[in-house]
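Colleague: Questions regarding the structure given below will be posed in turn.
Every number in this text was worked out from the coordinates using simple rules, so none of it is lab data. As the structure is a prediction and not an experimental result, all values here were calculated from the model. Positions of Cβ are backbone-derived with ideal geometry, glycine not excepted, and every protein chain shown enters the neighbour counts.
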Amino acid sequence: MKDLNNKLNISNISSQKARIATRELTINMGPQHPATHGVLRLVLEIDGETIVRCTPYVGYLHRGVEKHTEQLNYLQIIPHTDRLDYISAMANNIGYCIAVERLFGIEVPERAQYIRTIVAEMTRILSHLLWLATHALDIGAMTVFLYCFREREKLQQLLERLCGARLTVSYPRIGGVKKDVDAQWLEGLYAFTEEFPMRIEQYEALIDKNRIWLRRTKGVGIISPEEAINMGLSGPVIRGSGIPYDVRRFMPYGVYDKVRWEVPTGKNGDVYDRYRVRMEEFRQSNSIIRQCIEKIPSGPIMADAPKFILPPKDTVLTNMEQLIHHFVLITKGPQTAPEGEIYVATEAPKGELGFYIVSDGTGKPYRLRIRPPSFVHISALPKLCEGSLVADVIANIGSIDIVMGECDR
Amino acid sequence: MEPLVIAEKLKERFPQEVLDVAEFRGQVSVTIKKDRIKEICRYLHDEPDIKMSYLSDLCGVDYLGRRGFRFEVVYNLYSLTHRHRIRVKALLPEDDPSINTVTDIWKGANWHERETYDMFGIVFKGHPDLRRILLPEDWEGFPLRKDYPVTGPEGWEWKGYEEVKKLHEHDREWRIGGDERPK
């Protein structure tokens with residue numbers, strides 16, 4: 001036995017351990033990694049299990065959207081905004097349309113405002129469902145994934161019935177929306193909202209008291225309120241730190257000032273609080289949709305501004321002037337736009353989505369800058385990760401809810 | 001506070017720096033000289049009545065052909081306390097597109113400034129880590145400048161692409177991902 005011990009050097013291990021020099025190890029994570037939610041690459045310098053430095057590298061999905069939009073007229077840009085945050089295409093469309101409407105000085109009819117608010121909140125639920133599904137999957141709760149996709153399917157079928165597309169919808173138009181909603185569709189959505197609060201309780205029953213979930217999320221990735229403001233974080237991430245900053249409340253657009261809803265906030269600013277904030281947002285979005293369906297007025301769905309907006313199809317077929325407008329808009333696009341610049345922020349599911357448009361008076365934007373929430377949130381990732389464990393990187397990435405299509409543009 | 005009042009206050013405090021105040025659709029932009037940008041931002045951030053605590057956005061704009069100042073760096077500021085917004089635009093000449101960084105006032109400016117450098121070649125003096133961010137590190141030119149071509153000359157490709165192609169050929173030799181699969 002002693003021989004064997006000597007051979008294996010077992011007794012010497014503890015004394016040897018003190019002599020072994022430790023050094024920092026650099027490991028690469030991504031860009032092809034299932035838990036980075038897209039092509040995000042992190043270079044982690046670790047000391048044992050602890051992260052000393054975390055450097056994110058982005059740009060693997062850069063397609064030059066901002067450059068590209070300078071070559072297109074205002075109407076052609078809408079499908080490109082779909083491909084920013086492709087999980088919540090509707091919110092991007094609406095953000096862009098509101099920016100252009102403010103630039104043109106177009107007033108959107110009330111019914112269209114209501115429809116936009118409904119679909120924007122549907123998108124928020126869709127986006128948060130995907131976030132919850134993947135975030136829970138990353139941390140190890142598989143069942144939630146299947147549950148969430150069940151509800152996503154129902155909402156996506158409703159979107160498909162509305163505009164023919166499930167993901168890249170391009171449904172809003174400058175001045176309104178493409179197609180009116182019918183009573184049957186609204187009934188279908190109302191039935192969903194009746195059922196959905198029970199579903200939220202099911203998700204919570206699965207993970208809210210789960211000890212693994214709590215241990216993995218509580219006290220992880222803490223960011224203080226002052227830092228959250230200073231870093232320009234927005235959406236559920238800043239609200240998780242206790243700042244009730246919501247663009248829908250601070251600078252209302254659509255009909256958010258006509259319905260009753262609350263801004264949920266957290267206290268500690270950790271992964272768990274950000275999870276709680278999003279779970280509450282499910283309920284608020286659900287309630288907003290219900291109120292909008294109850295209140296939706298009848299009326300037109302497109303504004304009347306023939307220089308920028310396509311006229312109704314039936315007048316095109318009977319009226320010469322409308323036919324000319326239609327022809328010019330389709331073949332050449334809008335010819336003029338007011339000269340000026342405008343920054344419009346909207347609350348996308350991920351956070352503050354801003355469009356800064358510089359117009360030089362032609363039908364194309366001189367400069368279109370997109371302020372993506374994911375880009376800002378990833379820049380805060382080193383702050384969240386440094387000093388924590390390697391396994392917590394996954395929880396942190398999940399909790400800031402990023403989409404690389406929007407970050408890289 | 002009304003944005004025009006903020007602009008007035010800024011003009012009073014920095015009479016030499018403010019060049020122009022413009023209003024469009026209720027939004028106010030203040031055009032300034034670039035030299036004292038840090039002081040101006042510090043003032044907007046710290047002054048209790050103004051308190052622009054939140055940097056919504058920072059980006060560049062290229063006005064090719066404009067006399068004197070070709071570039072602009074645009075700061076979209078917002079106050080979470082007072083809920084008002086203002087836009088500050090700093091003018092940069094073509095031969096020296098550089099400006100002081102504001103990362104020590106808003107940490108969130110870090111990546112925005114890197115992106116502006118990446119896309120416009122505007123140098124932010126004192127930035128802790130000014131590297132390209134969205135484009136590869138060996139990329140030539142600054143794509144969002146107006147004189148950057150949208151399509152390259154015939155047959156032009158990014159030089160890093162050679163490497164990617166070689167890798168692919170290597171893979172094909174070993175029949176990984178190639179047309180023929182090993183039987």
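Colleague: Between segment A:92-126 and segment A:203-238, what's the alpha-carbon centroid distance in Å?
Modeller: After rounding, the separation between the Cα centres reads 29 Å.
Colleague: Within chain A, which DSSP H helices have Cα atoms that stretch 27 Å or more along the helix axis and a mean Kyte-Doolittle hydropathy of at least -0.5? Write out the running numbers ahead of the final one.
Modeller: Details: long enough: A:110-139 (43 Å, 0.38); A:142-163 (32 Å, -0.05); A:183-207 (36 Å, -0.08); A:271-295 (36 Å, -1.04).
Going by DSSP H runs, the hits are A:110-139, A:142-163, A:183-207.
Colleague: Of A:Lys178/A:Lys313; A:Lys258/A:Lys350; A:Lys307/A:Lys332; B:Lys11/B:Lys125; B:Lys38/B:Lys89, which sit over 18 Å apart, Cα to Cα?
Modeller: Working: A:Lys178/A:Lys313 12 Å; A:Lys258/A:Lys350 23 Å; A:Lys307/A:Lys332 12 Å; B:Lys11/B:Lys125 25 Å; B:Lys38/B:Lys89 13 Å.
Result: A:Lys258/A:Lys350; B:Lys11/B:Lys125 exceed 18 Å.
Colleague: What stretch of chain B, leaving out the sites themselves, is the longest with no chymotrypsin sites (Phe, Trp or Tyr not before Pro) in a DSSP loop having at most 15 other Cβ atoms within 10 Å? Intermediate values should be presented prior to the final figure.
Modeller: On the way: sites that count: B:Trp139, B:Trp156, B:Trp158, B:Trp174.
Counting at most 15 other Cβ atoms within 10 Å as exposed, the longest clean stretch of chain B is B:1-138.
Colleague: When a/c is below 1.5 the answer is rounded, else prolate if a/b is larger than b/c, else oblate, so apply that to segment A:330-409 with a ≥ b ≥ c taken from the square roots of the Cα gyration tensor eigenvalues. It would help to have the intermediate numbers written out before the result.
Modeller: On the way: a/c = 4.00, a/b = 3.24, b/c = 1.23.
Note, shape of segment A:330-409 comes out prolate.
Colleague: Right, next: Hey, got a sec? Which trypsin sites (Lys or Arg not before Pro) in segment A:120-190 land in a DSSP loop and have at most 15 other Cβ atoms within 10 Å? Provide the component values of the computation, followed by the final result.
Modeller: Values: sites: A:Arg124, A:Arg150, A:Arg152, A:Lys154, A:Arg161, A:Arg166, A:Arg173, A:Lys178, A:Lys179; in loops: A:Arg166, A:Lys178, A:Lys179.
Those satisfying the criteria are A:Lys179.
Colleague: Okay, next question. Taking the Cα atoms of the protein assembly as shown, report the difference between the largest and smallest coordinate on each principal axis, in whole Å and largest first.
Modeller: Projected onto the principal axes, the Cα atoms of the protein assembly as shown cover 103, 62, 62 Å.
Colleague: Obtain the nm distance between the two label points defined at B:Val123 and B:Arg66 by a simple spin-label model: each point lies 7 Å from its Cα along the Cα-to-C-beta direction.
Modeller: Here the answer is 2.2 nm between the modelled labels.
Colleague: Still on this structure, please answer the following. In segment A:300-409, with Lys and Arg counted as +1 and Asp and Glu as -1 at Cβ, which of these residues, A:Pro365, A:Ser388, A:His325, has the Cα nearest the positive end of the dipole, that is, farthest along it?
Modeller: It is A:His325, whose Cα lies furthest towards the positive end.
Colleague: Give the Cα extents of segment A:232-342 along the principal axes, in whole Å, largest first.
Modeller: So the three principal-axis extents are 63, 36, 19 Å.
Colleague: Tally Lys and Arg at +1 and Asp and Glu at -1 over the other residues with C-beta under 10 Å from the C-beta of A:Tyr366: what net charge comes out? Don't jump to the answer; show the numbers that get you there.
Modeller: On the way: positive: A:Lys364, A:Arg367, B:Lys146; negative: A:Glu70, A:Glu339, A:Glu341, A:Asp360, B:Asp62.
Net charge in that neighbourhood comes out at -2.
Colleague: Follow-up. Given labels modelled 7 Å from the Cα in the Cβ direction, how far is it in nm from B:Arg36 to A:Arg283?
Modeller: With each label placed 7 Å out from Cα toward Cβ, I get 5.2 nm.
Colleague: For chain A, list the cysteines whose Cβ sits under 4.7 Å from no other cysteine Cβ?
Modeller: Cysteines lacking a close Cβ partner in chain A: A:Cys97, A:Cys148, A:Cys163, A:Cys292, A:Cys407.
Colleague: Mind listing the phi-derived Karplus ³J(HN,Hα) values for segment A:41-54, rounded to whole Hz, using 6.51, -1.76 and 1.60 with θ = phi - 60°, and x for any glycine or proline?
Modeller: 10, 10, 9, 9, 9, 10, 10, x, 9, 8, 8, 8, 9, 10
Colleague: Right, another one. According to the Kirkwood expression over distinct Cα-Cα pairs, how big is the hydrodynamic radius of segment B:28-119, in Å?
Modeller: On the way: mean 1/r = 0.0744 Å⁻¹.
One over the average 1/r among Cα pairs gives 13.4 Å for segment B:28-119.
Colleague: Compute the distance in nm between two label points, each set 7 Å from the Cα along the Cα-to-Cβ direction, one at B:Lys165 and one at B:Ala22.
Modeller: 4.6
Colleague: Rank A:Val169, B:Tyr78, A:Leu146 by how far each Cα sits towards the positive end of the charge dipole of the protein assembly as shown (+1 on Lys, Arg Cβ; -1 on Asp, Glu Cβ) and give me just the farthest.
Modeller: Farthest towards the positive end: A:Leu146.
Colleague: If packing is taken as the average count of other Cβ atoms within 10 Å, what order do A:321-331, A:397-407 fall into, highest mean first?
Modeller: Taking the mean over residues of other Cβ atoms within 10 Å, the ranking is A:397-407, A:321-331.
Colleague: If one computes P(r) from the Cα atoms of segment A:31-167, what percent of pairs lie at distances over 26 Å?
Modeller: Details: 3914 of 9316 pairs.
Every Cα pair in segment A:31-167 considered, those over 26 Å come to 42 percent.
Colleague: Dividing the convex hull volume of the alpha carbon atoms of chain B by its residue count, what do you get in Å³ per residue? Mind showing how you got there, number by number?
Modeller: Numbers: hull volume 33.3 nm³, N = 183.
Hull volume normalised by residue count: 182 Å³.
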